[in-house]
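First up is the structure itself, then whatever we jot down about it.
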Amino acid sequence: MTITKVKYQIRIMVLVLVIGAAFVQMNAQTKKQPADLVYPLLDAANSRWFYFSSATRPFGMVNLSPDMGVGGAWDSGYRYNRDTINFFSHIHAWQLSGIPVLPVTGDFKGHLGAEKYGSRYSHENEVVRAGYHSVDLETYGIKAELTATTRVGFHRYTYPEGKEKYVLLDLGTLLGPSGTEMGFAKQVGKNEIVGYALMGATRRRPRATYVYYTILFDTPFETMQAWKNGNLLGNTKKFEGSEGGVYVNFKGKEAQTVQMKVAISYVSTEQAGLNMQSELPHWDFDKVASDAFNEWNSWLSRIEIEGGTEKQQSRFYTDLWHALQGRRIISDFNGKYSDMTGESPRIGQIPLNKNGQPKFNHYNSDAFWGAQWTINTLWHLVYPEVSEGFVNSMLMMYDDGGLIPRGPSGGNYTYVMTGASSTPFIVSAYMKGIRGFEVNKAYEGIRKNALPGGIMGKAGYEHHTELGGGLSYYINNGYVPFPNPDKNDGYHNQGAGQTLEYAYQDWCLSQMAKALGKNDDATIFAERAENYKNIWDKETGWMRPKELDGSWIEPFNPILSHHGFVESTAAQSTWFVPHDMQGLFDLMGGREKAALKLDQQFEIGNTHDFISRTFRKDRFVNQALHNTYLNYANQPSMQVGFIFNYAGKPWLTQYWTREVVERIFSDLDPQNGYNGDEDQGLMGALSVLMKIGLFEMRGGAALRPSYDIGSPIFDKITIKLNKKYFPGGEFVIETKDNSSQNRYIQSATLNGKSLDKAWFYHDELIKGGKLYLNMGNTPNKKWGSEPEQLPKSMSKENN
């Protein structure tokens, strides 16, 4: 070979390597990150007030987005099918709202109400992604862009040429769950306004709540003007009152870009200013939008997935995004917060660490009703520091008001839903080694909640009585009667459903007592955990409401909703014995009969997509299916697909959970998504867990928590463990020959050793390692089906 040929071949090889490297680099640059895959418009036609998110951070106090629907807890907020944006508001949270603004041009109409001053828009000129939202306000010719830090909303408005330019602040509008009782605005210099909005009390949040704000513009405005009761008041330096608002105008009619920062606080205007100074001292909008995206990407990247379609991956990360939404921070940057549990409001302070930073955040949230099957597992495993912060937030409210809450809002107790739903959350955290809180105080608080005077004694939103929970009957008679014979002001007086819920929560409490060496308490609450047996009706084969005298309720229909069961039917709630599935099977005549019964319910549920009712096209649709055997559109049926693991038929868990995922948790469009009440991340978290094939029937509250194995939809799932809590680094779930048809586990290994059961322990997972699943298209009915291989239950703890 000549030297010339050698040189030529070398050049070709170098060229190939350069092209290859460039291709690899291009691939790396174009590969979508988890935050790229988030689709915030999922189910956006059917938004509940707090459901939609765009310009926000994980658990952010500020959740800035357009409002097409103005009033009501359900038909409000971002509504994809509406053609008019009323304004952009900064708080979309459980029973909280506030600070609606809108840029406008031309003849000012703000004093005429949102239905007059709102702007038409088109989704064609809208961009929505994690941490950012932009939309063209067609009525005014303005491009509006939104992003946020945790406590500050950041706006960038591009005004057209030839018209007057304004920004309005409506301090009198109905806004989501509450009206604005009154507002205050004060001009400070030429580019700042400070003030507050007093958001009215609701059926759930019993006290009016102040939302304080500081608004800062990067461009001086000429004047601040006001309106009240539909009349323009002219220039002013200060406005205070109801049914009014303020607006500022900018000089000239040339095209102009104006930026605006809006910081909020539930404590004071000074605290709002501190939040702004601490989190957003600059005016670089693009940097904040990029930071928001990167923060979301960091959180979402704690679970990495491989395989599946891009649509499946996008839906997965959208589900995970929703699992980190809804339950929002209400404390300020320096840890100050508003305590509304006493006779009058007070300002509290979260303890500071050695660096002068708050040790945790104070959180607002809907109830943890159903969380034992969702965020208990997801947060405790993937975001343990969040779980620890929530427990500390609850304990701080216990110090302030005397009760661990089940759904606080703006520092208020709301008593949302029933039972002591925070008990499984706290117990599960402790059992998994998340213990950066005062353990004895936590036990004291959850024990108090299960006794007279505790939160278990109150039904939903029962602010002024303590009878709706029927706790004295539960303790003395072993069940809560239906109908409730005591006059009370609560919702959800559904005795049979309350009995089942209390029994499970009592079991959780008994496990905590046992772990802490409080054996007498452990015995008492373990005995109470068997109260579910007192409402089992052998003749009908269902859990059945009992009247006060012990007689069964007549007439009885097992699929009649809200007749003794909380947001559920007897057929759905009969399976609510998560702590003692084997005990329930014994009542039913054994595992075989129980599995057959549940399989038949799934077959019936299959005819209506496993849901009882749904949201479609911007309206609530009953579909005449409210009364059903199964309902994956709400919490009470979340666990049923995994019950087959306990009955020795894990292949039915693998089959039916895949059917549920494909039928109701696979859409990726604005008209569909969760087919019901997503409820602040509970359905998003459930969807995530079903897709990675992990679940916890007992909510992680056992002395030695364990995970139930389902049927993952991806080829590989890598869970990155927080080493502060778990030593293992990462845990991998890998599947071979996985597909929609190949949904059945043929064999499994855990860290290279054969695994012949459909569950394994939490302490095995957190050491790191790999769960390997061989998949096939026909059930392996021998795997995980023998009695000695079944998951544990209270009745047969040593099985």
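Every number in this text was worked out from the coordinates using simple rules, so none of it is lab data. Given the structure is predicted, the values throughout are model-derived calculations rather than measurements. Cβ sites come from the backbone with ideal geometry, for glycine too, and all protein chains shown count toward neighbours.
Here are some notes:
- Cross-link reach is defined here as a Cα-Cα straight distance under 13 Å, omitting same-chain residues fewer than 8 places apart; for residue 546 the aspartates and glutamates meeting it are 537, 554.
- Cross-link pairs beyond the 24 Å C-alpha cut-off, checked among 514/720; 597/792; 487/538: 514/720; 487/538
- With one equal scatterer per alpha carbon and no solvent term, the Debye-computed log10 I(q)/I(0) for segment 165-283 at 0.12, 0.13, 0.20 1/Å reads -0.45, -0.53, -1.13.
- Principal axis box of segment 34-295, alpha-carbon based, largest edge first, Å: 48, 45, 37
- Listing 464, 579, 123 from fewest to most neighbouring C-beta atoms within 10 Å gives 464, 123, 579.
- A straight Cα-to-Cα reach below 25 Å connects residue 724 with the lysines 354, 359, 432, 441, 716, 767, 770, residues fewer than 8 places away in its own chain not being considered.
- Relative protection proxy for 343-355, 36-48, 294-306, 679-691, from highest mean packing down: 679-691, 36-48, 294-306, 343-355 (other beta-carbon atoms within 10 angstrom).
- Helices in the chain, meaning DSSP H runs of at least 4 residues, each add -39500 (n - 2.57). Divided by all residues, the mean residue ellipticity at 222 nm is -8500 deg cm²/dmol.
- Residues residue 359 and residue 109, FRET efficiency given R0 of 56 Å [Cβ-Cβ distance, rounded to 0.05]: 0.70
- Those chymotrypsin sites (Phe, Trp or Tyr not before Pro) in segment 393-449 that DSSP places in a loop and that have at most 16 other beta carbons within 10 Å: none
- Other-chain or far-sequence residues with amide H under 5 Å of residue 412's (modelled H): 340
- All-pairs alpha carbon distance profile, segment 627-724, 10 Å steps from 0, percent: 14, 45, 33, 7, 0
- Between segment 539-580 and segment 325-341, the alpha-carbon centres lie 39 Å apart.
- Placing a label point 7 Å from the Cα of residue 164 along the Cα-to-Cβ direction, the residues of segment 107-146 with a backbone N closer than 11 Å are 107-110.
- Length gained on full extension, residue 796 to residue 451: 121.5 nm, using 0.36 nm per residue less the C-alpha separation.
- Cβ-derived FRET efficiency at R0 30 Å, residue 515 paired with residue 349, nearest 0.05: 0.45
- Paramagnetic label reach from residue 291 (point 7 Å along Cα→Cβ; backbone nitrogen cut-off under 16 Å): within segment 307-339, residues 333-334.
- For the chain, share of DSSP beta bridges that run antiparallel, in % to the nearest 5: 95
- Relative intensity, log₁₀ I(q)/I(0), of segment 309-368 from a Debye sum that treats every alpha carbon as a point, q = 0.12, 0.16, 0.19, 0.25 Å⁻¹: -0.48, -0.68, -0.80, -1.01
- Fewest-first ranking of 549, 677, using other Cβ atoms within 10 Å as the exposure measure: 549, 677
- Kirkwood Rh and Cα Rg combined as Rg over Rh, evaluated for the chain: 1.00
- Å³ per residue enclosed by the Cα convex hull of segment 669-799: 151
- Over segment 88-152, the ratio between the Cα radius of gyration and 2.2 N^0.38 Å evaluates to 1.22.
- For GluC sites (Glu not before Pro), the sites in segment 691-799 that DSSP calls loop and that have at most 14 other Cβ atoms within 10 Å are 797.
- Under 16 Å of direct C-alpha separation, and excluding same-chain neighbours fewer than eight residues apart, residue 238 reaches these aspartates and glutamates: 170, 192, 222.
- Among the trypsin sites (Lys or Arg not before Pro) in segment 224-298, those located in a DSSP loop and surrounded by at most 16 other Cβ atoms within 10 Å of their own Cβ are 237, 251, 253.
- Counting beta carbons within 10 Å around each of 396, 581 and listing the fewest first gives the order 396, 581.
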